[in-house]
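Asker: Provided herewith is a single structure, encoded as structure tokens, for subsequent inquiry.
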Amino acid sequence: MKAIRRILWLIMLLVVLALGAVLVLTQLVDPNEYKAQIARVVADKTGRQIDLQGDLQLTFFPWIGVETGKLSLSNAPGFGETAMVSVENARIQAKLLPLLKKEVEVDTVVLDSPKIQLSVLADGRTNWDDLMAASGSTAQNDGSGGAAIAGLAVQGVSITDGEVVWRNDQTGQSLMLSDLDLTTGTLVPGEPLDVSLSLNAEGDSLPAPARLALDTTVTLSNNMQSVALAGTNLKVESGDDSAAFRVDKASYALAAGLAALTGLSADVNHLGVASKLSLPSLNLNLSDETIEIPGLELEQDDATLSGSLRVAGMTVPDVEGRLKLQVGNLDNLLQRNGIASLELPARLDGIDAGFGFSVREHRLNLQEVTLAASVNDQPTRLQASELVYHLNEESLSLPSVSMEQGDFHLTGSLQAQSLVSDPSSRSFQGAVDLSVMDVADLLSRNGVELEMPELPVREITVNSEFKLQGTSVTASPLSLSVAYRGQPTQFTAPSLVFDFAGGELKLKAFQLAQDDFQLRGELSGNNLLDDISAMAAEGRLDLTIGDLPDLLLRNAFVESLPPGIPVGVDAQLGLTLSENSLDLTDLEATLDDMAVQGNASLANLAEPGYRFDVAINRLDLDAMFPAGEGEVESEKPSTAEQLLLPVAPFQGLDVKGQARIGELVTTGVT
């Protein structure tokens, strides 16, 4: 027992002596006398000058530590006189007794008004290159190291009124972080750490100055191989705009290369418009180079975008997913997002669109594309089985597309080449099948105003394969059906080619039919988009009309007809348009019982000069000009010398030609 008491008294004596030594040291040792030695050590290790402007204060028990006052570290050579690092005051201290057990318990590390200048010169040099080299050299020299520290605990970090300035002369950009405040909880590896950060940011790469505030709980594993964030809240404000982000949990495992995020939500207010983003989960695998987002949703007023996304590969990404868009009113969506300059041709409401997509090796593929919307209150639907675009080949493939709105139906396909780089070789080809029962109603309900009081065409059906190469369009074959003033009319042609650059037309074996009217033939021409004086065309026509007066009246070509108009017409002729003249050649026509052969022309289309050379087998003036309509008297027979032909309709016209009449019939004269 006496031995134990002696040992206890000895320990108490040692403690008293230690406390006495600490008190003596705090009174007798002035750390400011060692500023020059500290400066020499820093200069030797870093090549920089440290300026300890404040008073150094030491503490020994129960904390051993130092408080620096104002200090600064000079910049690297060539980076100016401004200090790279400066601080108004710094304090760090650790408990003394745990150090004896090779454990470190550090009090809150305090930095008041730290300022850091980071610079990149135009030649790529940075003002921290020399510090990194010095740090590496020191690490190699100290590689033998001492005994390991059993434990490390830091009560926290407190930074107030910090500032970081970044300047990059290579890009001409700069960034400044100011009013930086950082506080943390106790730093113990493997234990949760509360972090609170706030700062102001402004720079060339930012659209406007911003205020940032972050609160989160960080957990770093003992082996430093994984980190997790919980309850993260980030708020960014810039002018009247703001964004608030929350993440329930985020984690990253270094060795496995796995990162995961759950419960992400964001509330964004931009231009006075509120939007909300929800991302239930995100998984990142750096080993497999994959990113998976099973679901996402972006909401803004009456608009919602939702979908999923998967990315594989970082160098050449393989992307696939699905998107769905719902918009109550598209015009309102554009207006509230500042896209007021885009004028829509019609009002679009109730948009419901969706498609799957993939991007692989410069190829974009859309699958199962659907779009339903109300266009000016008219339900409209668009569908496409697939759309493929090759970025390198500049090609587009749309195997099947359909569109419906009321009595309007469109189906077709499209293939396109050289869409971007070479307009001269750009080409489109495909097929179209279109039908509409009321053209005027279709145009009106979709906001297309007509200048004419009445549209003569009501129903239209088009069926054709087409090709557009440069400025040339080919329809082959072409079938067009319309209801012209209520009359079913059909136009067909095995091939129609038109070049918009030269106004060139090639129309082969076409046929236009309406009831007892048929026009068949072929036409070709050029400069057809120029003034008529420059146009040139030629062709062959075959015309059959069962009832000419009925044709003219039912199509409203004329309001009334004089008596004597031929009823049946059957004609074949050649046609040539050149140098402002129209020539009809090899004319063979039958008008009722009258046969006509020969040639005719209009010598000047601006001021027509009528020229003709025809042979007529029989001309019945009584049928053409009944009594009382012409100048032929019906009271009594006339001799040939007394015959007066009806010339009134031809007065004032430039008419030259000859007509050989085999038989002339008029009242009393044959």
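Asker: Given the criterion open to solvent by less than 60 Å² (accessible area, probe 1.4 Å), modelled with pLDDT of 95 or more, more than 25 Å from the chain's Cα centre (by Cα) and within 29 Å of G447 (Cβ to Cβ), identify the matching residue among A431, A384, A372. Quick ask: steps written out before the conclusion?
Answerer: Numbers: A384 fails: more than 25 Å from the chain's Cα centre (by Cα); A372 fails: more than 25 Å from the chain's Cα centre (by Cα).
After applying the criteria, what remains is A431.
Asker: Moving to a separate point now. In segment 216-228, what residues are surrounded by 16 or more Cβ atoms within 10 Å (Cβ to Cβ) and either under 22 Å from A274 (Cβ atoms) or modelled with pLDDT of 95 or more (or both)?
Answerer: Within segment 216-228, just T216 meets the criteria.
Asker: Let me ask another. Quick one: L175 ticks every box in (1) surrounded by 16 or more Cβ atoms within 10 Å (Cβ to Cβ); (2) within 23 Å of V247 (Cβ to Cβ); (3) of a type in the set (A, V, I, L, M) except a single one, so which number is it?
Answerer: Of the numbered conditions (1) surrounded by 16 or more Cβ atoms within 10 Å (Cβ to Cβ); (2) within 23 Å of V247 (Cβ to Cβ); (3) of a type in the set (A, V, I, L, M), the odd one out for L175 is (2).
Asker: Return the residue satisfying two criteria in turn: it lies in segment 508-529 and is within 19 Å of G470 (Cα to Cα) and in a strand (DSSP E or B), and of such residues it is least open to solvent (accessible area, probe 1.4 Å). Break it down stepwise before answering.
Answerer: Of all residues in segment 508-529, those within 19 Å of G470 (Cα to Cα) come to 525-529.
Adding the requirement that they be in a strand (DSSP E or B) leaves 525-526.
Working: G525: 9, N526: 65 Å².
Checking each candidate, the answer is G525.
Asker: Under 9 Å between Cβ atoms, which residue pairs at least 6 apart in sequence (or on different chains) link something in segment 62-82 that is of a type in the set (F, W, Y) and assigned to a loop (DSSP other than H, G, I, E, B) with a partner that is crowded, with 17+ Cβ neighbours inside 10 Å and at pLDDT 90 or above?
Answerer: Sorted first by the residue in segment 62-82, then by its partner, the pairs are F79/Q117; F79/S119; F79/N127.
Asker: Can you tell me which residues in segment 355-401 are among the β-branched types (V, I, T) and under 21 Å from D318 (Cα atoms)? Explain how you work it out, then say what you get.
Answerer: First, pick out the residues of segment 355-401 that are among the β-branched types (V, I, T): 359, 369-370, 375, 380, 388, 401.
If the condition is that a residue be among the β-branched types (V, I, T) and under 21 Å from D318 (Cα atoms), then V359, V369, V388 are the ones that fit.
Asker: Of all residues in segment 255-308, count the ones that are among the hydroxyl-bearing types (S, T, Y) and farther than 28 Å from P207 by Cβ.
Answerer: First pass over segment 255-308, keeping only residues among the hydroxyl-bearing types (S, T, Y): 262, 265, 275, 278, 281, 287, 290, 304, 306, 308.
So of that shortlist, the ones also farther than 28 Å from P207 by Cβ come out as 262, 281, 287, 290, 308.
Residues meeting the conditions: 5.
Asker: Would you be able to tell me the number of residues in segment 435-456 that are open to solvent by less than 70 Å² (accessible area, probe 1.4 Å), among the hydrophobic types (A, V, I, L, M, F, W, C) and under 12 Å from Q405 (Cβ atoms)?
Answerer: Number satisfying all stated conditions: 3.
Asker: For segment 530-548, what are the residues that are more than 25 Å from F500 (Cβ to Cβ) and buried (at least 16 other Cβ atoms within 10 Å of the Cβ)?
Answerer: L543, T544, I545, D547, L548
Asker: Which of the residues belonging to segment 330-343 are at pLDDT 70 or above and either loosely packed, with under 14 Cβ neighbours inside 10 Å or within 19 Å of Q378 (Cβ to Cβ) (or both)? If you could, list the steps in order and put the result at the bottom.
Answerer: Just the residues of segment 330-343 that are at pLDDT 70 or above, to begin with: 330-339, 343.
Scanning segment 330-343 gives L330, D331, N332, Q335, G338, I339, E343.
Asker: Got at least one residue in segment 182-191 being surrounded by fewer than 15 Cβ atoms within 10 Å (Cβ to Cβ) and either in contact with a Gly (Cβ under 7 Å, 6 or more places away or on another chain) or closer than 18 Å to S265 by Cα (or both)? Please lay out each step first, then the result.
Answerer: Filtering segment 182-191 down to residues surrounded by fewer than 15 Cβ atoms within 10 Å (Cβ to Cβ) leaves 189-191.
Cutting the leftovers down to either in contact with a Gly (Cβ under 7 Å, 6 or more places away or on another chain) or closer than 18 Å to S265 by Cα (or both) gives us none.
No: segment 182-191 contains no residue that is surrounded by fewer than 15 Cβ atoms within 10 Å (Cβ to Cβ) and either in contact with a Gly (Cβ under 7 Å, 6 or more places away or on another chain) or closer than 18 Å to S265 by Cα (or both).
Asker: I'm told Q572 meets every condition in (1) modelled with pLDDT of 90 or more; (2) open to solvent by 40 Å² or more (accessible area, probe 1.4 Å); (3) within 29 Å of G470 (Cβ to Cβ) except one. Can you identify the failing condition by its number?
Answerer: For Q572, the failing item is (3).
Asker: Evaluate the following for A534: is it among the aliphatic types (A, V, I, L, M) and over 24 Å from L507 (Cα atoms)?
Answerer: Values: among the aliphatic types (A, V, I, L, M): yes; over 24 Å from L507 (Cα atoms): no.
When the stated conditions are applied, A534 does not pass them.
The values are calculated or read from the model by the stated rules, or taken from the named source; none is laboratory data. Here the structure is a predicted model, which is why all the values come from computation and not from measurement. FYI the Cβ positions are ideal-geometry reconstructions off the backbone, even for glycines, and counts take in every protein chain you see. Please note that ligands, DNA and RNA were not included when accessible areas were found on the heavy atoms of the full protein model with its side chains. Shrake-Rupley method; radii C 1.70, N 1.55, O 1.52, S 1.80 Å.
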